[in-house]
Structures are given as C-alpha cells and as structure tokens.
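Worksheet: the structure to be examined is printed underneath.
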Amino acid sequence: MSDGLDGKVAFITGAGQGIGQGIAFSLAKRGVSVVVVGRTLSKCENTVRLIQERFGQEALAIGADITDLDQLPSLIEQTIARFGRLDILVNNAVSATIKPLLKLTQDDIHRAMMSGPTATLLLMQAAYPHLSKQGGSIVNMASSAAKRWDMTNYGLYAAEKEAIRALTRTAASEWGGDNIRSNCILPHAKSPALEWWTQNRPEEAAAFVKTIPMQRIGECEEDIGEFVALLCSDQSRYINGQSIAVDGGQAYMG
C-alpha cells in the first residue's frame, strides 16, 4: 500500500539540525523533495548533502531567520519556483527562552512571539494557496511545557507553544474543507537544544527522563521524523486538528 508521499514537496524550518533534520530525512526517504530552511546556511546545505547521499533525493537549502517576518512569503515562492508545488509545511524552528517571569524582558517576549506563533501563522498563510491546490498537510511543533508538573521558568516558552496549538486547531477548522490537514506534535528528542539543557541543567534533565514511562528521549529521525512522515501520509488522511505528544508517554493530553 502506497503512503502517497512520493513526488511531493515539503518545506521545513529549522531543518539544518535536530528534529527538523530528522523530519527531512524521513520524508526524503519516501520520495519527498525537501526545502531545508534554517538560520545557518552551511547547516542546511549539510542536510541537503546528506539527503542526496542517503536517498538520492532532490533538496534545496535556504538560509533564513524566520524572525525576519517580511521575507517569509518569499521563502514559499522560492519553493514554488524550484519545485512547482508545495504539499507539506513543517514549522519547526523556534526560540526557547527559559527564565522566571520577573526576569523576562520585552525583547525576550517579542522574539518568542515572532519566532513562534507569528512566523508559524505567516508561513501557514503564505503556504495556503499552494496547499489548497491539491490538498496538503501542516505539521507544527508544540511542546508539553504547559503540561509540566512544575512550570517554573517555562512560562514564556509554554505560552508561545500553546499559541501555536491554538492556531493549528483553528486552521484545521477553517481549512479542513480545502483538504488541508493541520496538526501539532509535542516531541521529546535528542536535539541540540535538549543536549544543551542536559549539560546545563543535569539534575533537572535526569528528573525529567524519569517521568517518561519509556525511560528514554526520542531519536530525531527514527522516532520523531518517522511519525511526522506517517502523519503526512495517506494513512493519516483523516487526522486533523490534533495535538499529539510524541514523548514516550510522558504528557497527559486529556
């Protein structure tokens, strides 16, 4: 049974490393042409090189900071100019500020909201006319930070991710009739950000892993990427408007 992904085109932010890269690999191995977007062009080019070496699949690297909001529509247009279509949008790139509420500055708040819900929404809007032509899938990255047993220091990060969940659910409601599916995942994975957190907050990280029933952090490609590929496939064609924790059973989404 075909998964319906061969020949499709995906646009993925934050794909130069970590979760975004893992998603790019999992889609590319299924015949998807991938647009790899990230702040550091050399990292994006490395992802493209690995895609070509591992899967022989076409890919495009674009260096861009998604907080430069005015350029976002042009990134989608570059995708159309290169591949002629867009089928999958993955909003993965985000900033993470972990501070007590009283320590948060206006710059912290502004950057979080620009890189999180604002950039996510603007890319969704820019992608909409292309996704609606043949139907498509949007996958946004949320977080279980708002479900933590203790949200100390995580208020801003949780707020930007919860805003993304709200926008995703709204898109599912408004665009479902246009055959565009919009879902969120809440992943735990061995990303560079998590590695930094583990090194800088080792006691907190160790306590965190103990709360995961499967007692491990997920792999960027084998766990997170593979699930996103499934979510974008024909096998998930009736899944819309959902927030799905891909975290070994830690978060309770009820």
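The values are calculated or read from the model by the stated rules, or taken from the named source; none is laboratory data. These figures come from a predicted structure and were not determined experimentally. Don't worry about glycine lacking a Cβ; one is built from the backbone with ideal geometry, like all the others, and counts go over all protein chains shown. Note: accessible area is taken over every heavy atom of the protein model, side chains too, but ligands, DNA and RNA are not part of it. Shrake-Rupley method; radii C 1.70, N 1.55, O 1.52, S 1.80 Å.
Descriptive notes on the structure:
- Matching option when the condition is polar (S, T, N, Q) and touching a helix residue (DSSP H, G or I) at 6+ places or on another chain (Cβ under 7 Å), among Ser42, Ser95: Ser95
- The condition of being open to solvent by 10 Å² or more (accessible area, probe 1.4 Å), among the aromatic types (Phe, Trp, Tyr) and either at pLDDT 95 or above or assigned to a helix (DSSP H, G or I) (or both) holds for only one of Trp175, Trp149, that being Trp175.
Residues checked against (1) touching a helix residue (DSSP H, G or I) at 6+ places or on another chain (Cβ under 6 Å); (2) more than 28 Å from Ala171 (Cβ to Cβ); (3) assigned to a strand (DSSP E or B); (4) open to solvent by less than 30 Å² (accessible area, probe 1.4 Å):
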{"residue": "Ala205", "(1), (2), (3), (4)": "yes, yes, no, yes"}
{"residue": "Glu221", "(1), (2), (3), (4)": "yes, no, no, yes"}
{"residue": "Ala229", "(1), (2), (3), (4)": "yes, no, no, yes"}
{"residue": "Ile244", "(1), (2), (3), (4)": "no, no, yes, no"}
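- The residues on offer are Thr79, Thr40, and the sole one that is more than 23 Å from Gly4 (Cα to Cα) and of a type in the set (Ser, Thr, Tyr) is Thr40.
- Annotation: Ile185 fulfils all but one of (1) without any contact (Cβ under 8 Å) to a residue 40 or more places away in the chain; (2) closer than 22 Å to Gly249 by Cα; the unmet one is (1).
- For region 217-254, the set of residues classified as aromatic (Phe, Trp, Tyr) and within 22 Å of Gly14 (Cβ to Cβ) consists of Phe227 only.
- Filtering Ile185, Ile164 for residues that are assigned to a strand (DSSP E or B) and crowded, with 17+ Cβ neighbours inside 10 Å leaves a single hit, Ile185.
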